Amino acid sequence: MSGTIRLTINGETVDVQPGDADMNLIDYLHERRDLTGTKLCCGIGVCRACTVCTRNLLDSPMEKTLACSTPVSAMRGMHVYTVEGLMQDGKLSPLQQSFLESFAFQCGYCASGFLMAATAMLDHLRAHPIDSAQLDETIETWVGGNLCRCTGYVKYIEAIRKIATPYTRNGA
């Protein structure tokens, strides 16, 4: 692949050198950007610990992307968001704070994947609220494929529900 690849990571425009175009996104984040919050576990996209959020344009909806199996070249022109980008002005995001207050993680290895999948879900809910009766099903759709080897699923769902409820119709 020839030419520089330009993308944005956590709000910073980055020019990726041609020699790095075929790297998996997770390797690029770790090795070239020193962003190690995104975790590599299975390496084949099954566990989803490597989930990051991406979008084409700033006003398009966020999508989940598996950084372990996505080449950097596929991110040309994209906006990529990692767990490091969730903090604002040195403060945890409301979702991160909810995870902390809900004791949502045990070892924490899968936490960034859950956080990013839930972040994409929240982005969609802000634009298109759902009926509150659909919230648990929506959470399952967005984060149900993420694996937690410590089996912390109940706490993750509780933490996500706390933050997502206001984005539902009839939300508290």
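The values are calculated or read from the model by the stated rules, or taken from the named source; none is laboratory data. What you are looking at is a predicted structure, and each value in this text was computed from that prediction instead of being measured. Note that each Cβ is placed from the backbone with ideal geometry, even for glycine, and that neighbours are counted across all protein chains shown.
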*Condition check for L7: in a strand (DSSP E or B), over 26 Å from P166 (Cα atoms) and more than 13 Å from the chain's Cα centre (by Cα)*: yes
*Does G108 fit the bill of being under 16 Å from the mean Cα position of the chain (by Cα), within 17 Å of L147 (Cα to Cα) and surrounded by fewer than 17 Cβ atoms within 10 Å (Cβ to Cβ)?*
yes
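So how many residues does segment 26-78 have that are β-branched (V, I, T), in contact with a Cys (Cβ under 6 Å, 6 or more places away or on another chain) and touching a residue at least 60 places away in the same chain (Cβ under 8 Å)?
Here is the first cut: in segment 26-78, the residues β-branched (V, I, T) are 26, 36, 38, 44, 46, 51-52, 54, 65, 70, 72.
Of the ones still in play, those that are also in contact with a Cys (Cβ under 6 Å, 6 or more places away or on another chain) are 26, 38.
If we keep only those that are touching a residue at least 60 places away in the same chain (Cβ under 8 Å) too, we end up with 38.
Residues flagged as β-branched (V, I, T), in contact with a Cys (Cβ under 6 Å, 6 or more places away or on another chain) and touching a residue at least 60 places away in the same chain (Cβ under 8 Å) within segment 26-78 amount to 1.
From S102, S93, grab the single residue that is of a type in the set (S, T, Y) and over 16 Å from the mean Cα position of the chain (by Cα). I'd like the intermediate steps shown before the answer.
On the way: S93 fails: over 16 Å from the mean Cα position of the chain (by Cα).
Exactly one of S102, S93 is of a type in the set (S, T, Y) and over 16 Å from the mean Cα position of the chain (by Cα), namely S102.
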*Identify all residues within segment 127-155 that are closer than 19 Å to L86 by Cβ and modelled with pLDDT of 95 or more; write none if there are none.*
I139, W142, V143
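Quick one: which residue in C68, C42 is outside the structural domain of R161 (by TED's automatic domain parsing), at pLDDT 95 or above, out of contact with any Phe, Trp or Tyr (no Cβ under 8 Å at 6 or more places or on another chain) and under 25 Å from R149 (Cα atoms)?
Details: C42 fails: at pLDDT 95 or above.
The unique qualifying residue is C68.
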*asked:* Just to verify a result, which residue in segment 10-22, among those that are of a type outside the set (D, E, K, R) and not in a loop (DSSP other than H, G, I, E, B), is farthest from R55 (Cα to Cα)?
replied: G19
_Output for segment 71-95, where each listed residue is surrounded by 21 or more Cβ atoms within 10 Å (Cβ to Cβ) and not hydrophobic (A, V, I, L, M, F, W, C)_ = Y81, T82
